[in-house]
1. Only Cα pairs under 8 Å and at least 6 apart count here; give the relative contact order of the chain as a rounded whole percent.
2. Of the accessible area of the chain, with the probe set at 1.4 angstrom, what percent is carbon plus sulfur?
3. Which of Ala84, Ala117, Ala27 ends up with the largest GNM mean-square fluctuation for the chain, with Cα atoms connected below 10 Å?
4. What is the extension gain from Thr22 to Glu72, computed as 0.36 nm multiplied by their sequence separation minus the C-alpha to C-alpha distance, in nm to one decimal?
5. Once both axes come from the Cα atoms, what is the angle between helix 2-30 and the longest principal axis of the chain, in degrees from 0 to 90, rounded to 10?
6. Heavy-atom accessible area per residue, the chain, 1.4 Å probe: how many Å²?
7. Which value in nm describes the separation of the simple spin-label points at Lys113 and Leu130, placed 7 Å from the Cα toward the beta carbon?
8. Given H placed 1.01 Å from N in the peptide plane, which residues other than close sequence neighbours of Ser65 have an amide H under 5 Å from its amide H?
Amino acid sequence: MYNGLLHAHSGLRWIVLILLLTAIFNAFSKKKSGVWTAKDKKISLFAMVFTHVQLLIGLVLYFISPKVNFVEGFMKDDVLRFFAVEHILLMVVAIVLITIGHSKSKKAVTDAKKFGAIATFYLIGLILILASIPWPFRNLGSGWF
């Protein structure tokens with residue numbers, strides 16, 4: 001079960017990144033003179049939903065992963081600290097920001113403010129996500145997939 005969830009979590013990361021980039025690019029390209037359509041709403045909604053699915057899988061992994069181990073001195077070990085504290089904290093903050101951005105876009109009165117909320121909050125969320133992914137070059141014991 002652990003390996004299946006780990007592969008799903010790792011593979012779904014690429015879908016989340018593509019959806020977030022699509023939503024951000026869409027918002028920035030239409031921010032000045034675009035009209036908010038059902039397509040724009042669906043793009044931002046799918047990006048948010050997939051980040052939440054990714055969070056749920058990640059939470060299950062958090063409780064069953066051997067990389068999350070609260071042993072004495074775990075904060076001194078880069079890998080254990082990353083997975084026990086840094087990764088989950090930054091990811092939760094990023095997903096909260098993405099959710100706030102989606103909520104603000106629903107409540108915004110003008111189309112420009114809707115696109116602005118998506119552009120701003122999703123971009124900050126994406127930056128936090130990119131900073132907290134265990135990329136292979138960070139030597140945290142993870143691969144590309």
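The values are calculated or read from the model by the stated rules, or taken from the named source; none is laboratory data. Just so you know, these numbers come straight off a predicted model, no measurement behind them. Methodologically, a virtual Cβ is constructed for each residue, glycine included, from the backbone with ideal geometry; neighbour enumeration extends over all protein chains shown. In case anyone asks, the SASA skips ligands and DNA or RNA and just uses the protein heavy atoms, side chains included. Shrake-Rupley method; radii C 1.70, N 1.55, O 1.52, S 1.80 Å.
1. 31
2. 72
3. Ala84
4. 13.7 nm is the gain from fully extending Thr22 to Glu72.
5. The two axes meet at around 30 degrees.
6. 57
7. 2.9
8. none
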